[in-house]
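Inspection log for the structure reproduced underneath, given as C-alpha cells.
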Amino acid sequence: MMRTLVAFVLASLSLDASAHDLITAESAQTYLAAVAELQETIASKEPAAKRARAHLDLGKTLDEIRELLNRDLAAHGRVQGLPSNFLMSELKAHGAEMKFAAATNRFLANVQHYRDALRLEPSGPVAADAAFRLLQGTFYDSFTIDPLQPGAQTRAQMAEQIRLGEELLKLQQHHGEREETAFILAIQYVRAARAGRDAQEQSAFAKKARALAGDFLKTYPESMRAAALPHLLESLPAGR
C-alpha cells in the first residue's frame with residue numbers, strides 16, 4: 001500500500017509542467033539554436049555569473065527535452081518521429097547528448113550543468129535554482145518505482161542530497177519549490193535512517209524524518225504529498 005501510494009504521488013508530481021508539447025521540426029530547430037547559443041556563452045570568457053546562468057539554462061532546456069522524450073517512451077516504448085530522433089542526433093553531435101538508462105527506459109536529468117552553475121556561482125538566485133534542480137533530478141533518477149529502494153544512489157550521493165535539501169530549506173522561505181524540497185528531504189532522511197551504520201545514526205535520521213514530516217503536514221495539509229508521509233514513516237527501522 002505504501003509503495004503504491006508513494007509511487008502514485010511521485011508520478012503525479014514529478015512531471016515538468018512546461019514540457020507538454022510534442023517535438024516538431026520547428027521546435028527541434030528552436031531547441032538546437034538555444035543549445036548552441038548557451039554553449040557559446042559557456043565556452044566564452046564572459047563573467048562567471050553569466051556562464052553560470054548559461055549552464056543553468058542549458059540544463060533546464062535539456063531537461064525540458066528529456067521530459068518530452070520520456071513521455072514518448074512512456075506512451076510508445078520508444079522515441080518516435082523524425083524530429084525527435086533528429087534532435088537527439090544533433091544534440092549528441094554537438095556534445096549535449098541525452099543520457100539514457102536502459103534499465104528504466106528513461107532519459108536522465110542533465111545534472112552536470114547544475115553542478116557547473118554552482119561551481120561558477122555558489123550563492124545567489126542562480127545557485128538556488130541550480131541546487132534545487134540538482135536535488136530534484138538526482139532524486140527522481142535514483143529509483144524506479146519504490147523511492148525507498150534507491151538502487152542508483154550511493155551513500156555519498158545521499159549525503160549530498162541531504163546537504164542540498166537542508167541548505168535549500170534555509171533559503172526557500174517563500175520559494176515555490178519549498179514543498180517539493182521538504183518532501184524529497186524527508187524521503188532522504190528515511191533512506192538514511194534505513195541505511196544507517198549503527199543504531200545511533202539510524203535514530204538521528206529517524207528523528208529528523210519525523211520532525212520534518214510533522215512540519216510538512218502542518219504547513220501543507222492539503223498537499224498530495226502529505227498523504228504519503230505517514231506511510232513513509234512506517235518504513236523507519238523498528239524502535240527508531
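None of the figures in this text is laboratory data; all of them are computed from the coordinates on show. Here the structure is a predicted model, which is why all the values come from computation and not from measurement. Neighbour counts are summed over all protein chains in view; Cβ atoms, including those assigned to glycine, are modelled from backbone coordinates with ideal geometry.
The angle between the Cα long axis of helix 199-219 and the longest principal axis of the Cα atoms of the chain comes to about 70 degrees, rounded to the nearest 10. For the chain, a Gaussian network of Cα nodes joined below 10 Å ranks Leu73, Leu164, Leu38 by mean-square fluctuation, and the top entry is Leu73. Based on C-alpha pairs under 8 angstrom that are at least 6 apart in sequence, the chain has a relative contact order of 17 percent. Taking Cα atoms, how many degrees apart are the long axis of helix 155-171 and the longest axis of the chain, rounded to 10 and kept between 0 and 90? The helix 155-171 is inclined about 90 degrees to the chain. The trypsin sites (Lys or Arg not before Pro) found in the range 66-139 that occupy coil by DSSP, while having at most 11 further C-beta atoms within 10 Å, are Arg78.
Need the full-extension length gain, Arg197 to Asn105, defined as separation in residues times 0.36 nm minus the C-alpha distance. One decimal, nm.
This chain segment gains 29.9 nm when fully extended.
With a cap of 15 neighbouring Cβ atoms within 10 Å, and only residues DSSP puts in a loop, list the GluC sites (Glu not before Pro) found in the range 169-230. Sparse-neighbourhood loop GluC sites (Glu not before Pro): Glu222. Going Cα to Cα from Lys50, which lysines come in below 17 Å? Please leave out same-chain ones fewer than 8 positions away. List returned: Lys60. Across the range 17-152, Cα pairs under 8 Å and at least six residues apart give a relative contact order of 25 percent.
Compare the Cα positions of Ala130, Gln202, Phe107 along the charge dipole of the chain (+1 at Cβ of Lys, Arg; -1 at Cβ of Asp, Glu; about the Cα centre) and return the one farthest towards the positive end. So the residue we want is Gln202.
Taking the chain as a Gaussian network of alpha-carbon nodes connected by springs under 10 Å, the highest mean-square fluctuation of the residues Ala102, Ala195, Ala131 belongs to Ala102.
Largest GNM mean-square fluctuation across Asp129, Asp198, Asp63, computed for the chain with C-alpha springs under 10 Å, falls on Asp198.
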